[in-house]
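One structure is given here, and the rest of the page talks about it.
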Amino acid sequence: MPKRNILILDTQGSPWSDFLKEFFEDTASELHFFYESSQANLGLGRIRHDILFLNPQLLSLPLAQKINAMKHSSAEFRVFQIGKKENEAVRRDLIDHAFDKPPSFVDFQKDLSEHLPFNGTIRLLVVDDEPEVGNMIKDFLKGRVQPAFVVECASDGNQGLEAIEKQKPDAVILDIKMPVMDGREMYREIKERKIEVPVIIFFDVISHDEVAGIHEIGNPAIVEKGSRQSEMPILLDLIKKMAFFG
């Protein structure tokens, strides 16, 4: 899926700025921050944006008209309110979902993923030498729609790279400790070959130094097996986030 452009219109010093920067740092999306309605209006005109995070206090009538036109011209354009509604220019039909204050990443990820425009199928590659991991993910995603999922499995890094070369997936779930080629080596190859695919590192136990080593290569999403973030509903929301935002 293509990289996404995200516009944030908010007041300077708002807690949302740091929250959204950190939330999207493991994606390829580009964030564009504006602090005045007129600037945001121009920004929406210059670059095609997929998502708008909007502080309702800063919404002007011209910007509301621009947003309304964009929502009519693009069924995929989404507007998320950040902060309480205190502006009569904010009509209900302009907002797809509202967040009063920054929640936990897990809750934000869940709410956001439920309001993203998924059309078609997400192709997911699971690279893990434990077959039960891939089977568990396959079983959990089987039969889902909007989005539907096609899940392919590989048992080591070499097989994973071969699968990517045949047909690039929308997201990769990658184990670290595997025979032949481990996950760290595969991730390095992905970066060196400039393969643009979002990666979720899915590991049992690795040290702080190993995590730091992965971050020297790139900035994937990282999930520890057995943690709350590895529970299948939460992992599903993360897969949707990574596949949509790149």
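The values are calculated or read from the model by the stated rules, or taken from the named source; none is laboratory data. It should be emphasised that the depicted structure is a prediction, and the values quoted were computed from it without experimental measurement. Heads up, the Cβs are rebuilt from the backbone with ideal geometry, glycines too, and the neighbour counts pull from every protein chain shown. We work out accessible area using only protein heavy atoms, side chains counted, and drop any ligands, DNA or RNA first. Shrake-Rupley method; radii C 1.70, N 1.55, O 1.52, S 1.80 Å.
Assess whether S60 counts as being among the polar types (S, T, N, Q) and under 21 Å from I234 (Cβ atoms).
So S60 does not fit the description; no.
Quick check: anything in segment 85-108 touching a strand residue (DSSP E or B) at 6+ places or on another chain (Cβ under 8 Å), of a type in the set (S, T, Y) and under 30 Å from L124 (Cβ atoms)?
no
Scan K101, K21, K110 and give me the residue that is crowded, with 17+ Cβ neighbours inside 10 Å and not acidic (D, E).
It is K110.
Taking the criterion of being out of contact with any Lys or Arg (no Cβ under 8 Å at 6 or more places or on another chain), surrounded by fewer than 22 Cβ atoms within 10 Å (Cβ to Cβ), without any contact (Cβ under 8 Å) to a residue 12 or more places away in the chain and within 30 Å of F77 (Cα to Cα), would at least one residue in segment 179-196 satisfy it?
Among the residues of segment 179-196, at least one is out of contact with any Lys or Arg (no Cβ under 8 Å at 6 or more places or on another chain), surrounded by fewer than 22 Cβ atoms within 10 Å (Cβ to Cβ), without any contact (Cβ under 8 Å) to a residue 12 or more places away in the chain and within 30 Å of F77 (Cα to Cα), which makes the answer yes.
Any residue in segment 10-22 that's in contact (Cβ under 8 Å) with a residue 24 or more places away in the chain: show its pairings with residues that are open to solvent by 80 Å² or more (accessible area, probe 1.4 Å) and of a type in the set (K, R) at Cβ separation under 8 Å, as long as the two are six or more apart or on different chains.
P15/K101
Name the residue, out of V211, V223, that is at pLDDT below 95, more than 15 Å from A154 (Cα to Cα) and either open to solvent by 30 Å² or more (accessible area, probe 1.4 Å) or of a type in the set (K, R) (or both).
It is V211.
Pick from G13, G45: which is surrounded by fewer than 16 Cβ atoms within 10 Å (Cβ to Cβ), in a loop (DSSP other than H, G, I, E, B) and out of contact with any His (no Cβ under 9 Å at 6 or more places or on another chain)?
G13
Regarding Q81, is this residue under 16 Å from the mean Cα position of the chain (by Cα) and farther than 30 Å from V180 by Cα?
So Q81 does not fit the description; no.
State all residues of segment 227-246 that are hydroxyl-bearing (S, T, Y) and part of a helix (DSSP H, G or I); if no residue qualifies, say none.
Within segment 227-246, just S230 meets the criteria.
Across segment 145-155, which residue is least open to solvent (accessible area, probe 1.4 Å) among those that are over 13 Å from I239 (Cα atoms) and either over 19 Å from the mean Cα position of the chain (by Cα) or among the β-branched types (V, I, T) (or both)?
The residue in question is A154.
Go through segment 63-89 and count every residue that is assigned to a helix (DSSP H, G or I) and open to solvent by less than 70 Å² (accessible area, probe 1.4 Å).
8
Search segment 82-95 for residues that are more than 24 Å from D18 (Cα to Cα) and modelled with pLDDT of 75 or more and pair each with any residue that is of a type in the set (A, V, I, L, M) and surrounded by 13 or more Cβ atoms within 10 Å (Cβ to Cβ) when their beta-carbon atoms are under 7 Å apart and the residues are at least 6 apart or on different chains.
Here the result reads L94/A64; L94/I67; L94/V79, each pair linking segment 82-95 to a residue that is of a type in the set (A, V, I, L, M) and surrounded by 13 or more Cβ atoms within 10 Å (Cβ to Cβ).
Just to verify a result, which residue in segment 113-144, among those that are open to solvent by 30 Å² or more (accessible area, probe 1.4 Å) and within 18 Å of the chain's Cα centre (by Cα), is modelled with the lowest pLDDT?
Ranking the candidates gives N119 first.
Looking at (1) in contact with an Asp or Glu (Cβ under 9 Å, 6 or more places away or on another chain); (2) over 17 Å from P131 (Cα atoms); (3) open to solvent by less than 20 Å² (accessible area, probe 1.4 Å), which is the only condition A171 fails?
(1)
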